[in-house]
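Single-structure report; data block below.
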Amino acid sequence: MIPAIEALERLREGNRRFASEERDSGALTDQSRRSELATGQEPFAIILGCSDSRVPAEIVFDQGLGDLFVIRVAGNIVAPSQVGSVEFAAAQFGTRLVVVLGHSQCGAVLATLDQLRRPTQSRSPNMRSIVDRIRPSVEPLLTTELRDDADALAHQAVRANTRASAAQLRHGSAILEQLIQTDGLLVVGADYSLETGLVDFFDGVPG
């Protein structure tokens, strides 16, 4: 079992390689690694990220097969299936780091802001369910001076949504709460910049 802090540093180092274009090109395709993983896995981090095609966690963190347990859903929201997936990986594989990974210009967050400013009934019930999960964390921002600065509003909305998802994982599951209290599980929130390729770990990071 890799401790959470060590796992976090691995992700930081991998992201630095990615952003500086020094990626380990063989990490994803090594045949011996495929053979090794055929009988089991021990991912060192769980990533709950957005489905956006521009934010593939394995590439952003320069990791290979078997390194990350990745859950992707529009807006990196937390619903029962996502909680269950995190519980499964943490309990089954002993993974002790969970990262909720938001990103700049998140379409789900921007759609929620648009819905709040210009309500419409045209979205499907399924799409509305995503908006409804993001809404509580971003709606208060529209009562601040951020409402007059679209870029700053979008940036802070992404972070607010990520914080909310991380908080839900920390406090919305008896299994995860127990692992946090007694077994070293760490849940952090992070923000990936589409523009720079860098990840900023900004929520729940010790020290």
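Coordinate-derived values only; no laboratory data. If you're wondering where the values come from, they're calculated on a predicted model, not measured in any experiment. All Cβ positions, even for glycine, are placed from backbone atoms using ideal geometry, and neighbour counts span all protein chains on display.
One table, with the values for the structure above:
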| read-out | value |
| --- | --- |
| For His103, distant residues with modelled amide H under 5 Å away | Tyr192 |
| Helix 4-19 vs. the chain, principal-axis angle (Cα, 0 to 90°, nearest 10) | 80 degrees |
| Between helix 125-138 and the chain: long-axis angle, C-alpha atoms, 0 to 90°, nearest 10 | 90 degrees |
| Phi-based couplings in Hz for region 173-179 (Karplus 6.51, -1.76, 1.60; Gly and Pro marked x) | 8, 4, 5, 5, 4, 5, 5 |
| Amide hydrogen neighbours beyond the local backbone of Ala45, cut-off 5 Å, H modeled | Phe69 |
| 0 to 90° range, to nearest 10: angle between helix 150-171 axis and the chain longest Cα axis | 60 degrees |
| Neighbour cut-off at most 16 other Cβ (10 Å), DSSP loop, trypsin sites (Lys or Arg not before Pro), region 28-115 | Arg54 |
| Cβ-based exposure ranking for Ile77, Ile47, Ile175, Ile130, in which fewest neighbours within 10 Å come first | Ile175, Ile130, Ile77, Ile47 |
| Antiparallel bridge percentage (DSSP; both residues within the chain; nearest 5) | 20 percent |
| Positive minus negative residues near Ala152 (Lys, Arg vs Asp, Glu; Cβ under 12 Å) | -2 |
| Calculated from backbone phi, Karplus (6.51, -1.76, 1.60) coupling profile of region 33-48 in Hz, x at Gly/Pro | 5, 4, 5, 4, 7, 4, 10, x, 8, 9, x, 8, 8, 9, 10, 9 |
| From phi via Karplus (6.51, -1.76, 1.60), per-residue ³J(HN,Hα) for region 194-199 in Hz, x at Gly/Pro | 4, 6, 9, x, 8, 10 |
| Inter-site label distance for Asp200 and Met1 at 7 Å from Cα along Cβ, in nm | 3.3 nm |
